[in-house]
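What follows is one structure encoded as structure tokens, with my remarks underneath.
The values are calculated or read from the model by the stated rules, or taken from the named source; none is laboratory data. Keep in mind the model is a prediction, meaning the values are calculated, not measured. Counting neighbours? That spans all protein chains shown, and the Cβs are built from the backbone with ideal geometry, glycine included.
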Amino acid sequence: MSSASQHVMILGSGPAGLTAALYTARANLHPLVVEGAEAGGQLTLTTMVENYPGFPEGLMGPDLIQVMRQQAERFGAKFLKGDATAVDLSVRPFTVTVEEERLQTRALIIATGASANLIGLESERKLLGHGVSTCATCDGFFFRDQEVAVVGGGDSAMEEGIFLTKFATKVTVIHRRDKLRASKIMQERAFKNPKIAFLWNRTIEEILDASQGKVTGIRTRINGSPKTETLSCDGVFVAIGHSPNTRLFTGKLEMDGRGYIVTHHGTMTSVPGVFAAGDVQDHVYRQAITAAGSGCMAAIDAERYLESLG
């Protein structure tokens, strides 16, 4: 077990963490970025990003992450593979344990992002990676000329469904309510797509068939009714939102009821010297550009904090 000290440590390597790394590196703060279990964050699971300013033709999510990382490295940001497994924010400098290594830092920027939610069925867990997926852009290719279902009613569910029509012959969106939560433009795109069908007011009871080791269908219950129906399909894509990756900070930082880190005056948390950026504190916008913007804010806030210490 070794111990080393940093000016700034950044947890997470998505758009928020990489932008924070770029700005703190240019401020000569020699940031160390702990990449996390999912290096690059959710953008590495995305195909075409068309709404990031400066790229009129769009670019692939992993490519955007790659150029952001190269830019941060050019100014001296260092990267450490692995996941933070423990933090001590009660004494300064703060201590962060990465795997077995204990590291100290004067300022900490948390950009650990959020992860996909699951329905919570045992059959779903057993079939994850065997026909059940949380990422259409990662796995859609495997369902060419097959029928699939998408669970959810928000923007991410519509995006997944529309993307899957590139491969699947039919996409059935299953939603627990009678109307979608998705933005108007995403709803219109989905309703217009001839390959997309909708099942409303449904609860997922079971994903079939774990005994065969593959997806053969979904058993749904119509809300308020004992009646169940089985939809035949070859794959199930779960798109029911995200949960922030904040378990490490439970009881150590102020969080809201859903576990998102509460920030004030920009990116400050309830502990001076600890800052939060991106989807770990933003459940409203959750875009690459807003994550990058808050990463910039966190870097500037951390720089000013360190200056105030002298």
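For Gly257, are the conditions met, namely being assigned to a loop (DSSP other than H, G, I, E, B), without any contact (Cβ under 8 Å) to a residue 12 or more places away in the chain, assigned by TED's automatic domain parsing to the domain that holds Gly12 and under 17 Å from Ala84 (Cβ atoms)?
It is false that Gly257 is assigned to a loop (DSSP other than H, G, I, E, B), without any contact (Cβ under 8 Å) to a residue 12 or more places away in the chain, assigned by TED's automatic domain parsing to the domain that holds Gly12 and under 17 Å from Ala84 (Cβ atoms).
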Which of the residues that make up the stretch 226-255 are over 30 Å from Val148 (Cβ atoms) and surrounded by 12 or more Cβ atoms within 10 Å (Cβ to Cβ)? Thr246, Leu248, Phe249, Lys252, Leu253, Glu254, Met255
When you scan the stretch 253-275, how many residues do you find that are closer than 16 Å to Gly17 by Cβ and in contact with a Leu (Cβ under 8 Å, 6 or more places away or on another chain)? 4
Which residue, of Glu73, Glu147, is modelled with pLDDT of 95 or more and assigned by TED's automatic domain parsing to the domain that holds Gly40? Glu73
Would you call Thr203 in contact with a Gly (Cβ under 9 Å, 6 or more places away or on another chain), in the same structural domain as Gly140 (by TED's automatic domain parsing) and part of a strand (DSSP E or B)? no
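Give the residue that is farthest from the chain's Cα centre (by Cα), with candidates limited to residues of the stretch 103-120 that are surrounded by 16 or more Cβ atoms within 10 Å (Cβ to Cβ) and not in a strand (DSSP E or B).
Ile119
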May I ask you to list the residues in the stretch 211-238 that are among the charged types (D, E, K, R) and either without any contact (Cβ under 8 Å) to a residue 60 or more places away in the chain or not assigned by TED's automatic domain parsing to the domain that holds Met158 (or both)? Arg219, Arg221, Lys227, Glu229
Residues of the stretch 118-142 classified as among the charged types (D, E, K, R) and at pLDDT below 90, total: 2
Among Ile218, Ile222, which is the only one that is under 26 Å from the mean Cα position of the chain (by Cα) and either modelled with pLDDT under 95 or surrounded by 21 or more Cβ atoms within 10 Å (Cβ to Cβ) (or both)? Ile218
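Quick grid of which residues meet (1) loosely packed, with under 15 Cβ neighbours inside 10 Å; (2) within 21 Å of Ser115 (Cβ to Cβ); (3) under 23 Å from the mean Cα position of the chain (by Cα):
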| site | (1), (2), (3) |
| --- | --- |
| Asp139 | no, yes, yes |
| Asp145 | yes, no, no |
| Asp155 | no, yes, yes |
| Lys170 | no, no, no |
| Ile174 | no, no, yes |
| Ser183 | yes, no, yes |
| Gln187 | no, no, yes |
| Phe198 | no, no, no |
Restricting attention to the stretch 290-310, and to residues there that are under 26 Å from Pro53 (Cα atoms) and without any contact (Cβ under 8 Å) to a residue 40 or more places away in the chain, which single residue is surrounded by the most Cβ atoms within 10 Å (Cβ to Cβ)? Asp301
How many of the residues making up the stretch 216-235 are part of a loop (DSSP other than H, G, I, E, B) and touching a Ser or Thr at 6+ places or on another chain (Cβ under 9 Å)? 4
Going through the stretch 35-74 one residue at a time, which ones are basic (Lys, Arg) and either in a loop (DSSP other than H, G, I, E, B) or surrounded by 14 or more Cβ atoms within 10 Å (Cβ to Cβ) (or both)? Arg69
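Which one is surrounded by the most Cβ atoms within 10 Å (Cβ to Cβ) among residues in the stretch 75-102 that are farther than 20 Å from Ala20 by Cβ and in contact with a strand residue (DSSP E or B) (Cβ under 6 Å, 6 or more places away or on another chain)?
Taking the stretch 75-102 as the starting set, the residues that turn out to be farther than 20 Å from Ala20 by Cβ are 85-86, 88, 90-91, 97, 99-102.
Cutting the leftovers down to in contact with a strand residue (DSSP E or B) (Cβ under 6 Å, 6 or more places away or on another chain) gives us 85-86, 88, 97, 102.
Working: Thr85: 12, Ala86: 10, Asp88: 14, Thr97: 17, Arg102: 14.
Checking each candidate, the answer is Thr97.
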Suppose the filter is surrounded by 13 or more Cβ atoms within 10 Å (Cβ to Cβ), assigned by TED's automatic domain parsing to the domain that holds Val49, touching a Ser or Thr at 6+ places or on another chain (Cβ under 6 Å) and not β-branched (Val, Ile, Thr); does Gln287 pass it? no
Scan the stretch 25-34 and give yes if some residue there is in contact (Cβ under 8 Å) with a residue 12 or more places away in the chain and assigned to a helix (DSSP H, G or I), otherwise no. yes
